[in-house]
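The values are calculated or read from the model by the stated rules, or taken from the named source; none is laboratory data. Nothing here was measured: the structure is a model prediction, and the numbers come from that model. Glycine gets a Cβ as well: all are built from the backbone with ideal geometry, and neighbour counts include every protein chain shown. Surface accessibility is based on the protein's heavy atoms, side chains included, excluding ligands, DNA and RNA. Shrake-Rupley method; radii C 1.70, N 1.55, O 1.52, S 1.80 Å.
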Amino acid sequence: MNIMSIEINRDMCIGCKKCAEVCPGSLISISANKAKIKSVERCWGCASCLKECPVCAISFFLGEDMGGLGGKMSVYKPNKNDTALHWFISLPDKTSRKIITDTKNANKY
Amino acid sequence: MKLDIKKITTDFLVIGGGTAGCWAAIKFCEKSDKNVLIVEKANIKRSGCLAAGVNALNAYIGEGKTPQDYVDYARRDASGIVRGDLLLTMSERLRKVTAELEKLGLTILKNEDGKYVERGWRNVKINGENIKPLLADAVNQNEQITVLNRVNVFKYIVQDNRIIGAYGISIEKPILYLIFAKAVLISTGGAAGLYKPNHAGFSRHKMWYPPFNTGAGLSMGINAGAEMTTFEMRFIALRCKDTIAPTGTLAQGVGAKQVNSLGEVYEDKYGLTTSERVYGTVCENVNKRGPCYLKTKGISKQADEDLIKAYLNMAPSQTLRWIESKKPPSEENVEIEGTEPYIVGGHTASGYHVSTSRETTIKGLFAAGDVAGGCPQKYVTGALAEAEIAVESADKYMNENILFDDLGQVKKIKHELERFFIKGESAFTTDDLEEHMQEIMDKYAGGISANYKYNQKSLELAKKGIGEIKEKCKTLKVKNMQELVYVLELKERLVICDVLISHLLARKETRWHCFAEHGDYPDKKDEYRCYINSRLYGGKIKIFKRFLIEEGEVYEHHEYRN
Ligand SMILES: Cc1cc2nc3c(=O)[nH]c(=O)nc-3n(C[C@H](O)[C@H](O)[C@H](O)COP(=O)(O)OP(=O)(O)OC[C@H]3O[C@@H](n4cnc5c(N)ncnc54)[C@H](O)[C@@H]3O)c2cc1C
Ligand code: SF4
Ligand code: SF4
């Protein structure tokens with residue numbers, strides 16, 4: 001298994017460059033109108049790029065050496081000016097979960 | 001490759017557009033109509049510590065408490081080695097900056113009376129997912145501020161111990177920037193990547209502190225002869241195993257206790273200071289009672305759901321872990337481990353030795369946030385408070401007569417950078433040397449595999465090893481600007497390692513378990529109730545002791561008495 005932490009789906013990517021703009025490690029480049037992560041082992045896992053992607057082309061998963069089990073997570077912001085984030089988590093057993101967080105709601109703990 | 005030279009002149013230069021840097025720029029404009037330039041190696045929208053979001057404001061003065069209470073707490077936690085003047089002036093502003101963050105749009109939890117809900121008396125609960133975009137928006141909307149993203153600053157321009165600017169290189173294009181300013185703030189954060197991390201292989205950057213904060217500000221200061229303080233007080237975070245997600249939300253939020261593999265609560269056995277919590281966990285493991293956990297088993301299903309959401313706002317990997325393992329915290333205790341050591345002035349006291357007004361020993365250079373020493377437990381709000389103090393001082397300082405005449409220096413620096421682009425293969429890569437450096441620090445300077453312990457002999461070996469890697473750096477080769485930045489980052493880390501080892505050698509006692517655990521001197525000694533400071537002088541690291549400074553004092557730099 002190829003251990004990764006961020007995966008970009010080239011077919012879905014529309015080349016908008018938003019992920020490349022925000023990455024705090026400057027790790028994403030755009031060539032031929034598609035995003036590519038330059039060195040995936042340098043990724044911090046901050047999920048900034050996921051949150052920017054307008055088409056959910058980026059997913060995040062835990063590396064095998066971190067005990068990852070193959071689940072994948074992506075984020076979608078249905079409305080640009082909305083404060084809600086929709087998180088999708090799909091598991092290898094084909095089940096999935098959607099969790100909605102909203103920056104208007106504070107953490108209770 | 002040939003580098004183009006681009007000259008920029010501004011009034012107030014902010015190096016590092018993170019927490020402290022963005023706030024400083026905003027606050028400067030409230031005071032002055034002069035121009036501000038932020039130079040940031042990434043993009044201010046999500047750069048630095050706040051990229052993923054934070055879960056609480058960890059520095060706050062709760063109802064019925066005073067700034068002095070905060071000073072007392074921080075002093076106790078650091079076993080006395082703090083700057084009273086810095087802690088008090090920071091604490092006095094904590095409530096104000098919190099209210100201002102709320103005004104900027106940050107969600108803070110409130111009760112029915114409209115008061116902040118406190119977690120303990122020093123924290124307030126927030127939704128910190130968007131804290132960095134909020135700061136960045138405020139910066140971008142301000143016409144007085146210019147932001148230069150993707151430019152990595154690597155050297156100060158100093159004349160007669162007075163700063164007049166800095167050098168930077170673009171990460172994307174072959175450009176060498178020469179930036180001149182009337183006053184400068186350094187706010188590049190602390191240093192990660194000095195020691196071998198929890199995951200050494202593929203997931204090596206899944207660490208607590210941002211791996212992109214490589215300590216540039218510290219290393220530039222050291223190289224320019226600035227005085228540094230308390231590097232030996234390293235910071236080690238206690239984190240959720242593998243994901244390195246924060247534990248505070250579990251420990252303080254749901255009251256989960258630290259337990260060993262036998263289910264015994266061990267935290268009260270070793271003490272509750274930050275370093276003792278790490279130490280207890282190490283001891284339980286050494287004594288074969290590990291692994292250690294936070295006891296979350298039995299919390300309610302509602303708490304599960306709330307935690308799953310809370311972690312999405314700061315450490316999404318932990319949420320993914322709970323969901324993919326189908327073992328939420330109510331069903332399985334969360335395993336914890338210590339991280340590798342970092343140099344982080346926002347948690348411990350290591351960094352620039354500053355005056356009460358936050359000026360470094362280089363005139364016109366001010367410091368705030370994780371790069372500034374003497375003032376532990378500042379976290380987000382403390383970084384903002386410090387940025388405000390630094391800005392007020394910088395505004396008063398403003399050196400109007402910048403005269404730069406050393407064109408030879410520019411040529412030399414340009415040539416030194418271009419030399420890395422020569423064709424052919426080097427015997428080793430930047431990554432090879434970085435890994436080797438981390439191995440040496442891990443083994444001989446008190447990393448994870450050494451249970452954070454070291455002794456005189458091992459430190460001497462570490463020093464020798466670091467010196468050898470410094471030499472090898474000269475033969476590295478690069479193909480593009482990004483690779484050149486990696487070389488500069490490695491060199492920064494090596495400079496910091498060298499100074500760190502000197503500090504560890506100098507404090508011949510064990511004042512803080514794990515943070516500075518000297519195998520030859522396992523106890524605390526009165527003669528070390530002082531700061532260990534250092535300064536590069538004639539190419540050598542000079543170490544000296546300084547008296548403790550109390551709150552109420554106004555400390556100014558004097559001429560050096562080396
Ligand atoms: C994972 C994590 C979670 C935390 N959680 C909390 C929390 O819940 N509550 C809390 O109160 N505190 C928390 N803290 C602490 C707090 O976030 C930090 O203490 C504070 O944000 C530090 O601010 P800073 O400005 O010093 O550093 P940063 O915000 O990291 O800013 C440094 C900036 O400098 C830039 N930079 C670095 N090198 C260069 C260079 N050579 N040239 C140009 N730019 C450069 C970086 O890209 C970055 O933008 C957390 C810290 C971390 C790492
Ligand atoms: S998760 Fe963060 S560090 Fe990793 S590629 Fe995305 S933005 Fe960059
Ligand atoms: S944000 Fe998404 S669509 Fe835009 S470039 Fe990145 S991956 Fe492609």
- Query: So between A:Leu69 and A:Thr95, what do we pick up on full extension, going 0.36 nm a residue minus the alpha carbon distance?
  - Reply: 8.0 nm
- Item | Amide H contacts of B:Ala368 (H built 1.01 Å from N, under 5 Å, at least 5 apart or other chain) | B:Ile186
- Using just the helices of chain A, give the 222 nm mean residue ellipticity in deg cm²/dmol: DSSP H runs with n ≥ 4 each add -39,500 (n - 2.57), and the total is spread over all residues, rounded to 500. -2000 deg cm²/dmol
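How charged is the neighbourhood of A:Lys77? Take every other residue with its Cβ under 12 Å from the Cβ of A:Lys77, and add Lys/Arg as +1 and Asp/Glu as -1.
Working: positive: A:Lys18, A:Lys51, A:Lys80; negative: A:Glu52, A:Asp82, A:Asp102, B:Glu129.
Net local charge, A:Lys77 excluded: -1.
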- Query: In Å², what does the accessible area per residue of region B:238-338 work out to with a 1.4 Å probe?
  - Reply: 39
- How large is Rg over Rh for chain B, taking Rg from the Cα atoms and Rh as the Kirkwood inverse mean of 1/r across Cα pairs? 0.95
- Query: Which value, in Å², gives the accessible area per residue of region B:422-546 when a 1.4 Å probe is used on the protein heavy atoms?
  - Reply: 45
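Given a cut-off of under 8 Å on Cα pairs at least six residues apart, what relative contact order in percent is computed for chain A? Before the final figure, lay out each step's value.
Working: 194 pairs, mean separation 22.4, N = 109.
Reported relative contact order: 21 percent.
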- Message: Taking the alpha-carbon distance from B:Lys257 and a cut-off under 22 Å, which lysines remain once sequence neighbours fewer than 8 residues away in the same chain are dropped?
- Response: A:Lys108, B:Lys125, B:Lys241, B:Lys269, B:Lys288, B:Lys295, B:Lys297, B:Lys301, B:Lys309, B:Lys327
- Query: Just which residues of region B:139-165 lose 10 Å² or more accessible area with every protein chain there, against their chain alone, with the probe set to 1.4 Å?
  - Reply: B:Arg150
- Task: Please name whichever of B:Pro197, B:Leu417, B:Gly447 sits farthest to the positive end of the charge dipole of the protein assembly as shown, dipole taken about the Cα centre and charges placed at Cβ: Lys and Arg +1, Asp and Glu -1.
- Result: B:Leu417
- Which residues of region A:55-100 show a drop of at least 40 Å² in accessible area when all protein chains are present, compared with their chain alone (probe radius 1.4 Å, heavy atoms only, ligands and nucleic acids excluded)? A:Leu62, A:Asp65, A:Met66, A:Leu69, A:Met73, A:Trp87, A:Ile89, A:Leu91, A:Arg97, A:Ile99
- Task: List the accessible area buried at the contact between B and A, summed over both sides and calculated with a 1.4 Å probe, in Å² to the nearest 100.
- Result: 4900
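Percent of accessible area on chain B owned by carbon and sulfur, 1.4 Å probe? Spell out each step's value before the answer.
Numbers: 9980 of 20740 Å².
After summing per-atom areas, the C and S share lands at 48 percent.
What is the calculated FRET efficiency for B:Asn399 to A:Ile14, with r their C-beta to C-beta distance and R₀ = 56 Å, to the nearest 0.05?
On the way: r = 48 Å, r/R0 = 0.87.
The calculated FRET efficiency here is 0.70.
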- Item | At most 16 other Cβ within 10 Å, DSSP loop - trypsin sites (Lys or Arg not before Pro), region B:148-186 | none
- Message: For a quick check: with amide H placed at 1.01 Å from N, whose amide H comes under 5 Å from B:Arg119's, ignoring anything fewer than 5 positions away on the same chain?
- Response: B:Val124, B:Lys125
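What FRET efficiency comes out for A:Glu7 versus B:Glu172 if R0 is 22 angstrom and r is the Cβ-Cβ distance? Round to the nearest 0.05. Let's see the in-between values first.
Details: r = 24 Å, r/R0 = 1.07.
Given R0 = 22 Å and the Cβ-Cβ separation, E is 0.40.
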- Query: For region B:85-136 and region B:1-79, what is the separation of their C-alpha centers, rounded to whole Å?
  - Reply: 15
- Note on the structure: Using the Cα gyration tensor of the protein assembly as shown, the equivalent ellipsoid's semi-axes, largest first and to the nearest Å, work out to 34, 30, 27
- Are there residues in region B:308-331 whose accessible area shrinks by at least 40 Å² when all protein chains are included rather than the chain by itself, and which are they (probe 1.4 Å, ligands and nucleic acids not counted)? B:Lys309, B:Leu312, B:Pro316, B:Ser317, B:Leu320, B:Arg321, B:Ile323, B:Glu324, B:Lys326
- Relative contact order, percent, of region B:422-546 when contacts are C-alpha pairs under 8 Å separated by at least 6 residues? 23
- Query: Once amide H atoms are placed 1.01 Å from N in the peptide plane, what residues at a sequence separation of 5 or more from B:Lys477, or on another chain, have their amide H within under 5 Å of its amide H?
  - Reply: B:Ser426
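Looking at chain B, do any whole DSSP H helices span at least 18 angstrom along their long axis by alpha carbon and average 0.5 or above on Kyte-Doolittle, and which?
Working: long enough: B:19-31 (19 Å, 0.34); B:274-286 (19 Å, -0.29); B:379-397 (27 Å, 0.17); B:430-444 (21 Å, -1.43); B:456-473 (26 Å, -0.79); B:481-506 (38 Å, 1.05).
Length and hydropathy pass: B:481-506.
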- Over chain B: helical MRE at 222 nm, DSSP H runs n ≥ 4 each giving -39500 (n - 2.57), nearest 500: -10500 deg cm²/dmol
- For region A:6-102, with every protein chain kept in place, what is the accessible area per residue (1.4 Å probe, Å²)? 45
